[in-house]
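K.L.:
Handing you this structure, nothing more for now.
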Amino acid sequence: MELLIPEVGLVVFQSIAFLLLLFLLAKFAWKPVLGAIKERENSIDEALNKAELAKQEMARLTSQNQDLMQQARAERDEILKEAKTLKDSILNEAKKQAQVEGAKLIEKAKIEIENQKKAALAEVKGQVSSLSLEIAERVLRTQLDDKTKQEALVANLLKDVELN
Amino acid sequence: MDCNQVFQFKFNRLIVVFALFSAFLLGSPRVNAQVDTLHSAEKSHGETAEKKKFEIGKFALHHIADSHSWHVIGEKFIGLPVVLYAEGKVVTFNSDDFKGDDDAKVVVEKDGQRFVKMHEKIYFASEAANEHGQYVALNEAHHAENKRPLDFSLTKNTCTLLLSVVLLLVVFISVANGYKKRAGKSPKGLQSWLEPVILFVRDDIAKPNLGHKYERFMPYLLTVFFFIWFNNMLGLVPFLPGGANLTGNIAVTMVLALTTFLITIFNGNKHYWKHIFWMPGVPVPMKIFLMPLELIGIFTKPIALMIRLFANITAGHILVLSLICLIFVFDSLWVSAASVPFAIFIGGIELMVAFIQAFIFTILSALFIGMAVEDHH
């Protein structure tokens with residue numbers, strides 16, 4: 001039973017010592033300790049958040065890069081396609097032009113040939129006429145050497161005239 | 001799963017050991033009654049015991065009680081200063097002046113006043129000795145009936161109290177310095193030993209019971225937790241710096257429980273008081289019926305806190321002492337083969353109890369404070 005009766009002295013000492021301990025520990029130990037723990041937890045949280053953000057940023061950049069690559073590829077394809085069509089069109093154009101040019105040349109050549117032909121024909125005609133004149137002259141000369149033959153000729157010519 | 005199995009295994013083993021132990025205890029009183037010609041093996045200082053039988057209860061109670069001297073080893077004791085407030089005067093002397101007497105047989109005269117010590121309590125001495133040479137008047141229960149001066153002596157418990165306060169301050173201020181020195185870095189040394197415990201108090205005791213208001217009560221909860229834990233551990237040390245049964249002393253647990261009680265009632269909000277005096281949500285006769293019950297409840301909670309800590313620690317000490325005393329009860333060295341391992345085992349349990357009781361006191365304090373400051377639900 002004696003154990004259950006608190007001693008006044010110890011009650012007083014315990015009260016003083018405990019309150020003093022509470023005050024001193026609260027001021028010099030718990031405040032810095034809890035503050036430091038909280039601060040560290042906050043900084044860890046912050047670091048984790050930052051890491052998460054960095055990860056997201058990374059993912060964003062990667063996807064952006066991919067987008068850019070795709071875009072670049074598409075652009076390249078576009079350019080290639082364009083170049084191809086351009087080439088085709090240039091070729092076609094060139095072909096057409098060549099054809100036109102060729103046609104023109106042929107036309108020219110034809111005209112030239114025609115001209116040449118005409119000139120040649122004219123020349124031939126001239127030559128033929130001069131030759132024929134010469135021949136005729138020769139023939140006439142020979143024929144007109146004798147009188148009978150001249151008369152016959154005149155008669156013939158006259159016959160023609162009459163016919164006309 | 002693995003852990004669970006291990007725990008289960010240990011728990012089963014505990015049950016077996018306890019069963020054995022209780023069988024042992026049940027057996028002992030019978031033996032005790034039979035052996036009545038045992039010589040007293042233990043002589044408490046100054047006692048030239050002529051008692052035939054070794055009194056295990058007396059011995060254990062003597063060891064867990066407060067004392068005016070501090071046992072060093074064998075027959076050596078350190079006398080502690082006695083400070084009395086008697087008849088309006090402060091009287092001081094050393095407890096050595098009693099010359100090791102604890103039966104009111106040696107009178108110390110100081111400043112015209114006469115004192116005797118009996119069962120570690122100081123009384124005003126009677127004019128003349130009784131038939132046993134004791135300067136006190138005894139009643140039928142052999143308790144002294146003399147008046148007592150107010151005793152503010154530096155007893156064994158007071159010294160341990162001061163020692164533990166210094167120890168706690170040194171330990172935790174050095175831990176706090178660790179945080180200042182390595183701000184934002186991982187803990188080291190003592191700091192990393194105690195940080196998990198501090199976090200345990202914060203995350204498992206304060207936060208679940210106090211909610212977002214926990215920060216205000218953290219200093220108290222941490223102080224009371226470490227005070228009880230450190231002193232429980234010191235009490236388990238059987239030699240000099242320890243050896244006192246501080247947390248098993250009703251005065252100490254009373255002050256601790258009183259602190260929780262005062263914090264509770266001074267922080268109680270209007271919902272708390274309304275729940276006590278005019279319980280909402282029940283019919284009026286019930287409200288009137290509940291009021292005294294709730295009012296009693298305010299006081300029974302801290303009283304339960306006080307008794308729980310006191311009883312658990314005291315019981316542990318008595319258990320260990322009793323096991324050791326079995327050697328003297330049977331007056332045979334062979335008993336030590338059984339009683340010493342048992343005492344060591346109980347000592348191991350006491351190490352756990354030291355932590356558990358600190359935890360229980362703190363969590364119940366947090367719970368009571370939490371009930372008082374809880375927001376309206």
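K.L.:
Whether any residue in the range B:222-229 is closer than 23 Å to B:Met306 by Cα and either surrounded by fewer than 18 Cβ atoms within 10 Å (Cβ to Cβ) or among the acidic types (Asp, Glu) (or both) is what I want to check. Steps first, answer last, please.
P.N.:
Applying the first criterion (closer than 23 Å to B:Met306 by Cα) to the range B:222-229 yields B:222-229.
When the remaining residues are screened for being either surrounded by fewer than 18 Cβ atoms within 10 Å (Cβ to Cβ) or among the acidic types (Asp, Glu) (or both), the result is none.
Checked against the condition, which is being closer than 23 Å to B:Met306 by Cα and either surrounded by fewer than 18 Cβ atoms within 10 Å (Cβ to Cβ) or among the acidic types (Asp, Glu) (or both), the range B:222-229 yields no hits at all.
K.L.:
Among the candidates B:Ala372, B:Ala343, B:Ala354, B:Ala366, single out the residue that is under 16 Å from the mean Cα position of the chain (by Cα) and surrounded by 14 or more Cβ atoms within 10 Å (Cβ to Cβ). Let's see the steps before the verdict.
P.N.:
Details: B:Ala372 fails: under 16 Å from the mean Cα position of the chain (by Cα); B:Ala343 fails: under 16 Å from the mean Cα position of the chain (by Cα); B:Ala366 fails: under 16 Å from the mean Cα position of the chain (by Cα).
Of B:Ala372, B:Ala343, B:Ala354, B:Ala366, the one residue that is under 16 Å from the mean Cα position of the chain (by Cα) and surrounded by 14 or more Cβ atoms within 10 Å (Cβ to Cβ) is B:Ala354.
K.L.:
Within 11 Å of another protein chain (Cβ to nearest Cβ), part of a loop (DSSP other than H, G, I, E, B), under 28 Å from B:Lys213 (Cβ atoms) and under 11 Å from the mean Cα position of the chain (by Cα): which single residue out of B:Thr253, B:Thr247 fits that description?
P.N.:
Values: B:Thr253 fails: part of a loop (DSSP other than H, G, I, E, B).
The match here is B:Thr247.
K.L.:
Working only within the range B:234-285, note down all residues that are surrounded by fewer than 15 Cβ atoms within 10 Å (Cβ to Cβ), without any contact (Cβ under 8 Å) to a residue 40 or more places away in the chain, farther than 18 Å from B:Leu364 by Cβ and of a type in the set (A, V, I, L, M).
P.N.:
B:Val237, B:Val282, B:Val284
K.L.:
So is B:Leu309 surrounded by 22 or more Cβ atoms within 10 Å (Cβ to Cβ) and over 21 Å from the mean Cα position of the chain (by Cα) or not? Talk me through it step by step, then tell me what you get.
P.N.:
Working: surrounded by 22 or more Cβ atoms within 10 Å (Cβ to Cβ): yes; over 21 Å from the mean Cα position of the chain (by Cα): no.
Here the answer is no, as B:Leu309 does not meet what is asked.
K.L.:
Since B:Gly316 meets every condition but one in (1) under 24 Å from B:Gly370 (Cα atoms); (2) small (Gly, Ala, Ser); (3) touching a helix residue (DSSP H, G or I) at 6+ places or on another chain (Cβ under 9 Å), which condition does it not meet?
P.N.:
(1)
K.L.:
Here's a check for you: in the range A:6-23, which residue that is within 7 Å of chain B (Cβ to nearest Cβ) and of a type in the set (Val, Ile, Thr) is surrounded by the fewest Cβ atoms within 10 Å (Cβ to Cβ)?
P.N.:
A:Val8
Laboratory data are not the source of any read-out in this text; all were calculated from the coordinates shown. In this text the structure is predicted, and so the values were computed from the model without any measurement. Neighbour counts run over all protein chains shown; Cβ positions are idealised from the backbone, glycine included.
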